[in-house]
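One structure below.
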Amino acid sequence: MVKGSVKNWNADRGYGFIISDEGDDIFVNANDLHISLQKRGLREGDRVKFDIKTDMKGDRAVNVRLDV
């Protein structure tokens with residue numbers, strides 16, 4: 001799993017960006033949050049771990065969990 005921090009999160013729209021520890025901006029959608037985060041959502045600065053899925057639009061974070 002990749003680790004990083006939530007750069008920004010728009011709760012109303014259900015998406016944001018994570019900056020990986022390697023310095024890459026990764027898109028994240030609310031549908032790709034682990035079930036443990038579905039209700040809480042993300043907050044700027046949260047430390048997270050996630051997998052990366054690549055599709056036609058590029059990389060996105062999936063299976064996003066808090067890194068505690």
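At 0.36 nm per residue, and after removing the present C-alpha to C-alpha distance, how many nm does the segment from Lys39 to Asp12 gain when stretched out fully?
Stretched fully, the Lys39-Asp12 segment lengthens by 8.4 nm.
Just to confirm my numbers, what's the Cα centroid distance between segment 54-68 and segment 2-29 in Å?
8
Go through (1) 4.2; (2) 5.2; (3) 8.1 and flag the label whose value is the computed mean projected area of the Cα convex hull in nm² for this structure.
(1)
Given a cut-off of under 8 Å on Cα pairs at least six residues apart, what relative contact order in percent is computed for segment 2-66?
In percent, rounded to a whole number, it is 35.
Return the long-range amide H neighbours of Asp46 (sequence gap of 5 or more, or a different chain), with a cut-off of under 5 Å between placed amide H atoms.
Val6
Mind checking which lysines have their Cα closer than 24 Å to the Cα of Lys57? Skip sequence neighbours fewer than 8 apart in that chain.
Lys3, Lys7, Lys49
For the charge dipole of the chain, defined by +1 on Lys and Arg C-beta atoms and -1 on Asp and Glu C-beta atoms about the Cα centroid, which residue among Val2, Leu42, Ile19 has the Cα displaced farthest towards the positive pole?
Leu42
Would you work out the charge dipole size for the chain about its Cα centre, treating the Cβ of every Lys and Arg as +1 and the Cβ of every Asp and Glu as -1, and quote it to the nearest 20 debye?
Here the size comes out at about 300 debye.
Where in the chain are there trypsin sites (Lys or Arg not before Pro) that are in a DSSP coil and have at most 13 other Cβ atoms within 10 angstrom of their Cβ?
Here the trypsin sites (Lys or Arg not before Pro) that fit, given the DSSP loop and packing criteria, are Arg13, Lys39, Arg40, Arg43, Lys57.
Just so you know, all these numbers are worked out from the coordinates, no wet-lab data involved. A quick note: this is a predicted structure, and the numbers were derived from the prediction, not measured. Quick reminder, even Gly has a Cβ in these numbers, built from the backbone with ideal geometry, and neighbours come from all protein chains shown.
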